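I have placed the structure first, in the form of structure tokens, so that the comments after it can refer back to it.
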Amino acid sequence: MIESDFVRPEVSTSADVTLVARGITVAASVEVSDDQVIAVRPHGEGAAWKTSVKPGDSVELYWVAGYEERTLPAKIVGVDDETEDVVWNLAVTGPAERSQRRRSVRARVELPVSMPWSDGRLAGVTVDLSEAGMRALVDGWGLLPDNGIRTDITLDLEDTTVHVRGEIVRQTAQGPRWLLSMKFLDVSESTGDALRRRVFQALRDERAAATG
């Protein structure tokens, strides 16, 4: 990881671009990234909304650097739309900072998870994970737990095991298995750091696979 990765996103990586006036966020690939311009190629269907942006429109750029998400304010200074593959040219309008949305950054990753239930334990794997919570698919038995139930959670992050208090916010039976959506409560600084490292490792692995 080099210092410039914390100042602007690296070429051939992925970034999220928020169109400030519209309040929508789109995924994009980074085509150019230097002191003069950052060029991104938005993904997704619908050429109309891609080309309807115009020079002067404000955006916020988000990308992964190390074990954190960074953000950078910018504005669109040009739109290359000669083909269906639209490219937005961005000019930076302020300094890069640590993203304040980092707690909601979620990665798809399967990790062993368990928690006490009735007279035994529920065991399964995570479906996705963030610093603030997770979705997990567990082998269910008995009655589905109610929303608001709090329990201790053990998560194997591969390089370490963490224990965190969680609360069930949603549950769905999928045959013999339960899909549990849970938020984490009172996460300690060390546990938060471990969760954040694992989330961003999964994001880097996912993006490397997509560009490899």
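Can you tell me which of 26-32, 94-100, 166-172 comes out highest on packing, and rank the rest after it, using the mean Cβ neighbours within 10 Å?
Answer by packing, highest mean first, reads 26-32, 166-172, 94-100.
How high is the relative contact order of segment 3-100, in percent, counting Cα pairs under 8 Å that sit 6 or more residues apart?
26 percent.
First select every other residue whose beta carbon is under 14 angstrom from the beta carbon of Val162; then total the charges, Lys and Arg +1, Asp and Glu -1.
Cβ neighbours under 14 Å give a net charge of -4.
If you wrap a convex hull around the C-alpha atoms of segment 3-100 and split its volume per residue, what is the figure in Å³?
Value for segment 3-100: 93 Å³ per residue.
Towards the positive end of the charge dipole of the chain, with charges on Cβ (+1 Lys, Arg; -1 Asp, Glu), say which of Trp117, Phe6, Thr71 has the farthest Cα.
Trp117
For the chain, what does -39500 (n - 2.57) per DSSP helix run (n ≥ 4), summed and divided by total residues, give at 222 nm, in deg cm²/dmol to the nearest 500?
Helix-only estimate at 222 nm: -4500 deg cm²/dmol.
Name the residue from Met134, Val164, Ala194 whose Cα lies farthest towards the positive end of the charge dipole of segment 106-211, charges +1 on Cβ of Lys and Arg and -1 on Cβ of Asp and Glu.
The residue sitting farthest along the positive end of the dipole is Met134.
With only Lys, Arg, Asp and Glu charged, each at its Cβ (+1 for the first two, -1 for the last two), find how big the charge dipole of segment 54-178 is about the Cα centre; round to the nearest 20 debye.
On the way: 15 positive and 21 negative charges, 111 e Å.
The calculated dipole for segment 54-178 is roughly 540 debye.
Any idea what angle helix 189-211 forms with the longest principal axis of the chain, computed on alpha-carbon atoms, 0 to 90 degrees, nearest 10?
Helix 189-211 and the main axis of the chain meet at about 60 degrees.
For a quick check of your reading of the filter: which chymotrypsin sites (Phe, Trp or Tyr not before Pro) in segment 87-146 sit in a DSSP loop and have no more than 16 other Cβ atoms within 10 Å?
Those satisfying the criteria are Trp141.
Rounded to the nearest 20 debye, what is the charge dipole size of the chain about its Cα centre when +1 sits on each Lys and Arg Cβ and -1 on each Asp and Glu Cβ?
680
Below 20 Å, Cα to Cα, which aspartates and glutamates can Lys75 reach? Residues fewer than 8 away in the same chain don't count.
Answer for Lys75, where 20 Å is the Cα cut-off: Asp5, Glu10, Asp16, Glu31, Asp34, Asp35, Asp57, Glu60, Asp85, Glu97, listed by chain and number.
Given a 10 angstrom Cα cut-off, can you work out which residue in Ala21, Ala202, Ala194 is the most mobile in a GNM of the chain?
With Cα springs under 10 Å in the chain, the top fluctuation among Ala21, Ala202, Ala194 is at Ala21.
Net charge within 13 Å of Asp152 by Cβ-Cβ distance, Lys/Arg positive one each and Asp/Glu negative one each, not counting Asp152 itself? Don't jump to the answer; show the numbers that get you there.
Numbers: positive: Arg121, Arg150, Arg165; negative: Glu167, Asp186.
Computed value for this residue: +1.
FYI, it's all coordinate maths here, none of it is from the lab. Since this is a predicted model, take the numbers as computed values, not measurements. Ideal geometry is used to build each Cβ from the backbone, glycine not excepted, and the neighbour counts take in all protein chains shown.
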